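Down below is the structure, laid out as C-alpha coordinates.
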(Lines give C-alpha, C1' and ligand atoms only; values in the text may rest on other atoms or scores of the structure.)
Protein backbone atom coordinates (compact mmCIF):
# COMPACT_ATOMS: atom_id res chain seq x y z
CA UNK A 1 0.00 0.00 0.00
CA UNK A 2 1.24 3.49 -0.73
CA UNK A 3 1.42 6.34 1.78
CA UNK A 4 -1.83 7.90 0.59
CA UNK A 5 -3.79 4.72 1.29
CA UNK A 6 -2.15 4.27 4.68
CA UNK A 7 -3.02 7.83 5.66
CA UNK A 8 -6.62 7.23 4.59
CA UNK A 9 -6.77 4.29 6.98
CA UNK A 10 -5.36 6.48 9.76
CA UNK A 11 -8.04 9.11 9.05
CA UNK A 12 -10.80 6.49 9.30
CA UNK A 13 -9.40 5.13 12.57
CA UNK A 14 -9.06 8.66 13.98
CA UNK A 15 -12.67 9.40 13.07
CA UNK A 16 -13.75 6.30 15.01
CA UNK A 17 -11.58 7.32 17.95
CA UNK A 18 -13.20 10.77 18.09
CA UNK A 19 -16.67 9.20 17.99
CA UNK A 20 -15.77 6.77 20.77
CA UNK A 21 -14.17 9.54 22.82
CA UNK A 22 -17.33 11.63 22.65
CA UNK A 23 -19.45 8.64 23.66
CA UNK A 24 -17.14 8.04 26.60
CA UNK A 25 -17.43 11.67 27.70
CA UNK A 26 -21.24 11.41 27.54
CA UNK A 27 -21.07 8.50 29.96
CA UNK A 28 -18.60 10.47 32.11
CA UNK A 29 -21.14 13.28 32.24
CA UNK A 30 -23.78 10.83 33.49
CA UNK A 31 -21.31 9.56 36.09
CA UNK A 32 -20.79 13.17 37.22
CA UNK A 33 -24.56 13.56 37.66
CA UNK A 34 -24.64 10.42 39.79
CA UNK A 35 -21.69 11.55 41.92
CA UNK A 36 -23.24 14.98 42.46
CA UNK A 37 -26.57 13.46 43.46
CA UNK A 38 -24.93 11.03 45.87
CA UNK A 39 -22.18 13.29 47.25
CA UNK A 40 -19.31 11.18 45.93
CA UNK A 41 -15.82 12.48 45.17
CA UNK A 42 -14.80 12.85 41.53
CA UNK A 43 -11.34 11.33 41.87
CA UNK A 44 -11.25 7.60 42.58
CA UNK A 45 -7.55 6.75 42.45
CA UNK A 46 -7.93 3.01 43.07
CA UNK A 47 -10.55 2.67 40.32
CA UNK A 48 -8.29 4.49 37.84
CA UNK A 49 -5.25 2.36 38.67
CA UNK A 50 -7.35 -0.78 38.25
CA UNK A 51 -8.67 0.49 34.90
CA UNK A 52 -5.20 1.27 33.55
CA UNK A 53 -3.97 -2.17 34.59
CA UNK A 54 -6.89 -3.75 32.72
CA UNK A 55 -6.44 -1.85 29.44
CA UNK A 56 -2.67 -2.42 29.47
CA UNK A 57 -3.42 -6.13 29.64
CA UNK A 58 -5.35 -5.89 26.36
CA UNK A 59 -2.28 -4.80 24.38
CA UNK A 60 0.13 -7.11 22.54
CA UNK A 61 3.51 -5.42 23.06
CA UNK A 62 5.42 -3.56 25.76
CA UNK A 63 5.55 -0.46 23.56
CA UNK A 64 1.76 -0.42 23.14
CA UNK A 65 1.27 -1.12 26.84
CA UNK A 66 3.16 2.06 27.75
CA UNK A 67 1.28 4.05 25.10
CA UNK A 68 -2.12 2.81 26.28
CA UNK A 69 -1.25 3.75 29.86
CA UNK A 70 -0.45 7.32 28.79
CA UNK A 71 -3.52 7.52 26.53
CA UNK A 72 -5.97 6.33 29.17
CA UNK A 73 -4.36 8.50 31.84
CA UNK A 74 -5.14 11.46 29.63
CA UNK A 75 -8.68 10.28 28.83
CA UNK A 76 -9.48 9.81 32.51
CA UNK A 77 -7.92 13.16 33.32
CA UNK A 78 -10.24 14.84 30.80
CA UNK A 79 -13.18 12.92 32.26
CA UNK A 80 -12.38 14.28 35.72
CA UNK A 81 -12.14 17.83 34.41
CA UNK A 82 -15.57 17.47 32.79
CA UNK A 83 -16.95 16.28 36.13
CA UNK A 84 -15.34 19.19 38.02
CA UNK A 85 -16.92 21.55 35.50
CA UNK A 86 -20.35 19.99 35.98
CA UNK A 87 -20.02 20.36 39.73
CA UNK A 88 -19.56 24.11 39.27
CA UNK A 89 -22.40 24.38 36.75
CA UNK A 90 -24.79 22.66 39.14
CA UNK A 91 -24.00 25.01 41.99
CA UNK A 92 -21.51 22.87 43.89
CA UNK A 93 -19.03 25.74 43.95
CA UNK A 94 -15.70 25.36 45.68
CA UNK A 95 -15.82 27.02 49.10
CA UNK A 96 -12.60 28.81 49.89
CA UNK A 97 -12.00 30.22 53.38
CA UNK A 98 -10.57 33.48 52.04
CA UNK A 99 -12.34 36.82 52.49
CA UNK A 100 -12.00 39.62 49.89
CA UNK A 101 -11.18 43.01 51.40
CA UNK A 102 -10.88 46.55 50.02
CA UNK A 103 -7.61 47.63 51.65
CA UNK A 104 -4.73 46.45 53.81
CA UNK A 105 -4.10 49.90 55.25
CA UNK A 106 -5.17 51.12 58.68
CA UNK A 107 -3.73 53.27 61.43
CA UNK A 108 -3.70 50.39 63.94
CA UNK A 109 -1.68 48.05 61.72
CA UNK A 110 1.81 47.05 62.82
CA UNK A 111 4.33 45.73 60.32
CA UNK A 112 7.56 43.85 61.03
CA UNK A 113 10.49 43.12 58.76
CA UNK A 114 13.65 41.04 59.12
CA UNK A 115 16.92 42.88 59.60
CA UNK A 116 17.54 46.35 60.97
CA UNK A 117 16.98 49.96 60.01
CA UNK A 118 18.46 50.56 56.60
CA UNK A 119 17.79 47.03 55.34
CA UNK A 120 16.23 46.53 51.93
CA UNK A 121 13.33 44.93 53.80
CA UNK A 122 12.70 48.26 55.55
CA UNK A 123 12.74 50.01 52.18
CA UNK A 124 10.21 47.50 50.83
CA UNK A 125 8.02 48.04 53.91
CA UNK A 126 8.01 51.82 53.47
CA UNK A 127 7.47 51.54 49.72
CA UNK A 128 4.44 49.27 50.19
CA UNK A 129 2.77 50.79 53.27
CA UNK A 130 3.99 54.39 53.07
CA UNK A 131 6.53 56.42 55.04
CA UNK A 132 4.22 56.75 58.08
CA UNK A 133 3.98 52.98 58.56
CA UNK A 134 4.10 51.71 62.14
CA UNK A 135 6.90 49.16 61.78
CA UNK A 136 9.60 47.36 63.72
CA UNK A 137 12.39 44.92 62.87
CA UNK A 138 13.23 41.39 64.04
CA UNK A 139 16.41 39.35 63.78
CA UNK A 140 15.27 36.38 61.71
CA UNK A 141 12.63 35.26 59.21
CA UNK A 142 11.26 32.85 61.82
CA UNK A 143 10.94 35.74 64.28
CA UNK A 144 8.82 37.57 61.71
CA UNK A 145 6.46 34.61 61.34
CA UNK A 146 6.39 34.32 65.13
CA UNK A 147 5.40 38.00 65.45
CA UNK A 148 2.37 37.31 63.27
CA UNK A 149 1.51 34.22 65.29
CA UNK A 150 1.64 35.95 68.68
CA UNK A 151 -0.17 39.06 67.44
CA UNK A 152 2.62 41.58 67.91
CA UNK A 153 2.48 42.28 64.15
CA UNK A 154 -0.38 42.38 61.67
CA UNK A 155 1.87 42.06 58.63
CA UNK A 156 5.42 40.94 57.87
CA UNK A 157 7.52 41.96 54.87
CA UNK A 158 9.94 39.25 53.72
CA UNK A 159 12.23 38.68 50.71
CA UNK A 160 11.10 35.71 48.61
CA UNK A 161 13.45 35.83 45.60
CA UNK A 162 16.22 37.81 43.96
CA UNK A 163 16.57 38.17 40.20
CA UNK A 164 20.19 37.00 40.27
CA UNK A 165 20.56 34.92 43.46
CA UNK A 166 17.27 33.01 43.19
CA UNK A 167 14.76 32.07 45.87
CA UNK A 168 15.01 32.62 49.62
CA UNK A 169 14.45 28.97 50.52
CA UNK A 170 13.91 29.53 54.25
CA UNK A 171 10.94 31.81 53.58
CA UNK A 172 9.39 29.22 51.25
CA UNK A 173 9.72 26.56 53.95
CA UNK A 174 8.26 28.83 56.66
CA UNK A 175 5.23 29.57 54.49
CA UNK A 176 4.30 25.89 54.72
CA UNK A 177 5.12 25.61 58.41
CA UNK A 178 3.03 28.58 59.60
CA UNK A 179 -0.61 29.46 58.88
CA UNK A 180 0.28 32.75 57.22
CA UNK A 181 -0.79 34.06 53.82
CA UNK A 182 0.58 36.38 51.15
CA UNK A 183 -1.52 39.51 50.56
CA UNK A 184 0.90 41.71 48.59
CA UNK A 185 4.31 42.02 46.99
CA UNK A 186 6.88 44.75 46.44
CA UNK A 187 9.86 44.71 44.09
CA UNK A 188 12.95 46.70 45.10
CA UNK A 189 15.89 47.48 42.82
CA UNK A 190 19.11 46.39 44.51
CA UNK A 191 22.04 48.78 44.28
CA UNK A 192 24.85 47.73 46.57
CA UNK A 193 27.33 50.29 47.88
CA UNK A 194 30.66 49.77 49.59
CA UNK A 195 30.27 51.68 52.86
CA UNK A 196 32.96 52.73 55.32
CA UNK A 197 33.46 55.06 58.25
CA UNK A 198 33.98 58.75 57.37
CA UNK A 199 37.37 59.25 55.74
CA UNK A 200 37.93 55.61 54.80
CA UNK A 201 39.23 54.92 51.30
CA UNK A 202 39.17 51.78 49.20
CA UNK A 203 42.86 51.12 49.79
CA UNK A 204 42.23 51.13 53.56
CA UNK A 205 39.74 48.26 53.45
CA UNK A 206 40.93 44.82 54.53
CA UNK A 207 37.59 43.28 55.65
CA UNK A 208 34.11 43.52 54.19
CA UNK A 209 30.86 42.40 55.83
CA UNK A 210 27.57 41.59 54.13
CA UNK A 211 24.86 39.03 53.56
CA UNK A 212 26.12 35.98 51.56
CA UNK A 213 23.88 36.83 48.59
CA UNK A 214 25.19 40.40 48.49
CA UNK A 215 28.75 39.10 48.56
CA UNK A 216 27.91 36.78 45.69
CA UNK A 217 26.21 39.58 43.74
CA UNK A 218 29.34 41.70 44.18
CA UNK A 219 31.71 38.85 43.27
CA UNK A 220 33.25 40.62 40.28
CA UNK A 221 34.16 43.70 42.32
CA UNK A 222 35.51 41.56 45.18
CA UNK A 223 37.55 39.44 42.77
CA UNK A 224 39.28 42.62 41.62
CA UNK A 225 40.18 43.24 45.28
CA UNK A 226 41.01 39.68 46.32
CA UNK A 227 43.07 40.85 49.30
CA UNK A 228 39.87 41.97 51.07
CA UNK A 229 38.57 39.34 53.50
CA UNK A 230 34.84 38.57 53.16
CA UNK A 231 32.71 37.86 56.25
CA UNK A 232 29.04 36.85 56.01
CA UNK A 233 26.34 38.51 58.10
CA UNK A 234 22.63 37.72 58.51
CA UNK A 235 21.65 41.03 56.97
CA UNK A 236 23.27 43.93 55.12
CA UNK A 237 21.99 46.42 57.68
CA UNK A 238 23.61 44.38 60.46
CA UNK A 239 26.87 44.65 58.52
CA UNK A 240 26.53 48.43 58.21
CA UNK A 241 25.73 48.73 61.91
CA UNK A 242 28.80 46.67 62.86
CA UNK A 243 31.13 48.85 60.76
CA UNK A 244 29.57 51.96 62.29
CA UNK A 245 29.89 50.61 65.85
CA UNK A 246 33.50 49.43 65.39
CA UNK A 247 34.65 52.74 63.85
CA UNK A 248 37.47 50.88 62.11
CA UNK A 249 38.76 52.38 58.82
CA UNK A 250 39.83 48.92 57.63
CA UNK A 251 36.26 47.60 57.72
CA UNK A 252 33.53 48.10 55.13
CA UNK A 253 29.99 46.89 54.56
CA UNK A 254 28.16 46.07 51.36
CA UNK A 255 24.69 47.51 51.82
CA UNK A 256 22.24 50.08 50.50
CA UNK A 257 22.69 53.84 50.31
CA UNK A 258 19.96 54.17 52.97
CA UNK A 259 21.89 51.89 55.34
CA UNK A 260 24.84 54.25 54.99
CA UNK A 261 22.64 57.22 55.84
CA UNK A 262 21.09 55.44 58.86
CA UNK A 263 24.46 54.42 60.36
CA UNK A 264 26.52 57.47 59.41
CA UNK A 265 28.72 55.71 56.87
CA UNK A 266 30.18 57.14 53.68
CA UNK A 267 29.93 55.60 50.24
CA UNK A 268 33.38 54.44 49.15
CA UNK A 269 32.09 53.06 45.85
CA UNK A 270 28.60 52.83 44.37
CA UNK A 271 26.89 50.10 42.33
CA UNK A 272 29.38 47.32 43.02
CA UNK A 273 26.93 44.52 42.22
CA UNK A 274 27.67 43.34 38.70
CA UNK A 275 24.10 42.89 37.45
CA UNK A 276 22.64 46.19 36.25
CA UNK A 277 19.10 44.84 36.59
CA UNK A 278 19.20 43.30 40.06
CA UNK A 279 15.97 43.32 42.06
CA UNK A 280 14.42 41.51 45.01
CA UNK A 281 10.75 40.56 45.31
CA UNK A 282 9.34 40.96 48.79
CA UNK A 283 6.05 39.48 49.96
CA UNK A 284 3.63 40.96 52.47
CA UNK A 285 2.32 38.24 54.80
CA UNK A 286 -0.50 38.12 57.38
CA UNK A 287 -2.11 35.39 59.49
CA UNK A 288 -5.59 36.24 58.19
CA UNK A 289 -7.13 34.44 55.21
CA UNK A 290 -7.87 37.60 53.22
CA UNK A 291 -7.11 38.93 49.76
CA UNK A 292 -7.55 42.27 48.06
CA UNK A 293 -10.44 42.57 45.65
CA UNK A 294 -9.01 42.59 42.15
CA UNK A 295 -5.87 40.64 43.15
CA UNK A 296 -4.32 39.04 40.09
CA UNK A 297 -1.75 36.48 41.27
CA UNK A 298 -2.20 33.28 43.28
CA UNK A 299 0.54 31.33 45.06
CA UNK A 300 0.10 27.79 46.31
CA UNK A 301 2.14 24.81 47.37
CA UNK A 302 1.34 21.14 46.88
CA UNK A 303 2.66 17.66 47.33
CA UNK A 304 1.97 15.00 44.72
CA UNK A 305 2.33 11.22 44.50
CA UNK A 306 5.96 10.19 44.02
CA UNK A 307 5.38 8.42 40.71
CA UNK A 308 5.84 8.96 36.98
CA UNK A 309 3.49 11.50 35.41
CA UNK A 310 2.19 13.06 38.65
CA UNK A 311 3.49 16.56 37.96
CA UNK A 312 2.39 16.34 34.33
CA UNK A 313 -1.20 15.60 35.34
CA UNK A 314 -1.23 18.33 37.99
CA UNK A 315 -0.07 20.89 35.44
CA UNK A 316 -2.92 19.93 33.12
CA UNK A 317 -5.41 21.67 35.44
CA UNK A 318 -3.82 25.01 34.61
CA UNK A 319 -3.83 24.29 30.88
CA UNK A 320 -7.43 23.02 30.77
CA UNK A 321 -8.73 26.09 32.64
CA UNK A 322 -6.71 28.57 30.59
CA UNK A 323 -4.59 29.76 33.53
CA UNK A 324 -1.13 31.21 32.99
CA UNK A 325 1.40 29.62 35.34
CA UNK A 326 4.21 32.14 35.91
CA UNK A 327 6.52 30.26 38.28
CA UNK A 328 7.24 26.84 39.72
CA UNK A 329 9.82 25.98 42.38
CA UNK A 330 10.53 22.80 44.30
CA UNK A 331 11.79 22.29 47.85
CA UNK A 332 12.77 18.97 49.46
CA UNK A 333 10.29 17.62 52.00
CA UNK A 334 11.90 17.11 55.39
CA UNK A 335 12.37 13.46 56.46
CA UNK A 336 11.19 12.15 53.07
CA UNK A 337 14.22 11.47 50.89
CA UNK A 338 13.95 12.54 47.25
CA UNK A 339 10.39 13.85 47.61
CA UNK A 340 9.61 17.46 46.88
CA UNK A 341 7.03 20.12 47.62
CA UNK A 342 6.13 22.33 44.68
CA UNK A 343 5.44 26.07 44.88
CA UNK A 344 3.44 27.52 42.02
CA UNK A 345 2.46 31.07 41.03
CA UNK A 346 -0.25 31.66 38.45
CA UNK A 347 -2.46 34.50 37.22
CA UNK A 348 -5.98 34.65 38.62
CA UNK A 349 -8.36 35.63 41.40
CA UNK A 350 -9.93 33.29 43.93
CA UNK A 351 -13.40 34.44 42.82
CA UNK A 352 -12.81 33.40 39.17
CA UNK A 353 -14.70 30.28 38.08
CA UNK A 354 -11.70 28.96 36.10
CA UNK A 355 -9.52 29.30 39.19
CA UNK A 356 -12.08 27.47 41.34
CA UNK A 357 -12.28 24.65 38.79
CA UNK A 358 -8.50 24.28 38.75
CA UNK A 359 -8.22 24.40 42.54
CA UNK A 360 -10.94 21.77 42.90
CA UNK A 361 -8.97 19.39 40.69
CA UNK A 362 -5.68 20.18 42.40
CA UNK A 363 -7.18 19.66 45.84
CA UNK A 364 -8.63 16.27 44.94
CA UNK A 365 -5.60 14.92 43.07
CA UNK A 366 -2.67 16.28 45.10
CA UNK A 367 -1.59 14.64 48.35
CA UNK A 368 -1.58 18.09 49.95
CA UNK A 369 -2.46 21.57 48.68
CA UNK A 370 -2.24 24.90 50.49
CA UNK A 371 -3.22 28.24 49.00
CA UNK A 372 -0.46 30.63 50.08
CA UNK A 373 -2.31 33.76 49.01
CA UNK A 374 -3.99 35.88 46.34
CA UNK A 375 -2.37 39.26 45.82
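The values are calculated or read from the model by the stated rules, or taken from the named source; none is laboratory data. Here the structure is a predicted model, which means the values were calculated and not measured. Cβ atoms come from the backbone with ideal geometry, glycine included; neighbour counts cover every protein chain shown.
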Selection from the range 101-114 of residues at pLDDT below 90 and in contact with a strand residue (DSSP E or B) (Cβ under 7 Å, 6 or more places away or on another chain) yields 104, 109
Residues in the range 267-288: is at least one in a strand (DSSP E or B), under 30 Å from residue 73 (Cβ atoms) and touching a helix residue (DSSP H, G or I) at 6+ places or on another chain (Cβ under 7 Å)? no
Test residue 2 against the criterion of being surrounded by 10 or more Cβ atoms within 10 Å (Cβ to Cβ) and either at pLDDT below 90 or more than 27 Å from residue 310 (Cα to Cα) (or both), and give yes or no. no
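Looking at this structure, is residue 157 under 23 Å from residue 270 (Cα atoms), outside the structural domain of residue 368 (by TED's automatic domain parsing) and assigned to a strand (DSSP E or B)? If you could, list the steps in order and put the result at the bottom.
Values: under 23 Å from residue 270 (Cα atoms): no; outside the structural domain of residue 368 (by TED's automatic domain parsing): yes; assigned to a strand (DSSP E or B): yes.
Criteria not met by residue 157.
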Scope the range 234-266; condition buried (at least 16 other Cβ atoms within 10 Å of the Cβ), assigned to a loop (DSSP other than H, G, I, E, B) and within 33 Å of the chain's Cα centre (by Cα); matching residues: 235, 256
Residue by residue through the range 195-233, note down the ones that are surrounded by 12 or more Cβ atoms within 10 Å (Cβ to Cβ), over 33 Å from the mean Cα position of the chain (by Cα) and assigned to a helix (DSSP H, G or I). 202, 204
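What do you reckon, is residue 356 outside the structural domain of residue 42 (by TED's automatic domain parsing) and either assigned to a strand (DSSP E or B) or surrounded by fewer than 14 Cβ atoms within 10 Å (Cβ to Cβ) (or both)? Even if it seems obvious, please write down each step before you answer.
Details: outside the structural domain of residue 42 (by TED's automatic domain parsing): yes; either assigned to a strand (DSSP E or B) or surrounded by fewer than 14 Cβ atoms within 10 Å (Cβ to Cβ) (or both): no.
Criteria not met by residue 356.
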For residue 178, which of the numbered conditions (1) modelled with pLDDT of 95 or more; (2) within 30 Å of residue 349 (Cβ to Cβ); (3) out of contact with any helix residue (DSSP H, G or I) (no Cβ under 9 Å at 6 or more places or on another chain) fails to hold? (3)
For the range 38-46, indicate whether the set of residues that are farther than 22 Å from residue 319 by Cβ and in contact (Cβ under 8 Å) with a residue 60 or more places away in the chain is non-empty. yes
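One residue is enough: does the range 79-91 have a residue meeting the conditions over 23 Å from residue 321 (Cβ atoms) and not in a helix (DSSP H, G or I)?
Within the range 79-91 (the criterion being over 23 Å from residue 321 (Cβ atoms) and not in a helix (DSSP H, G or I)), the answer is no, since none of the residues qualifies.
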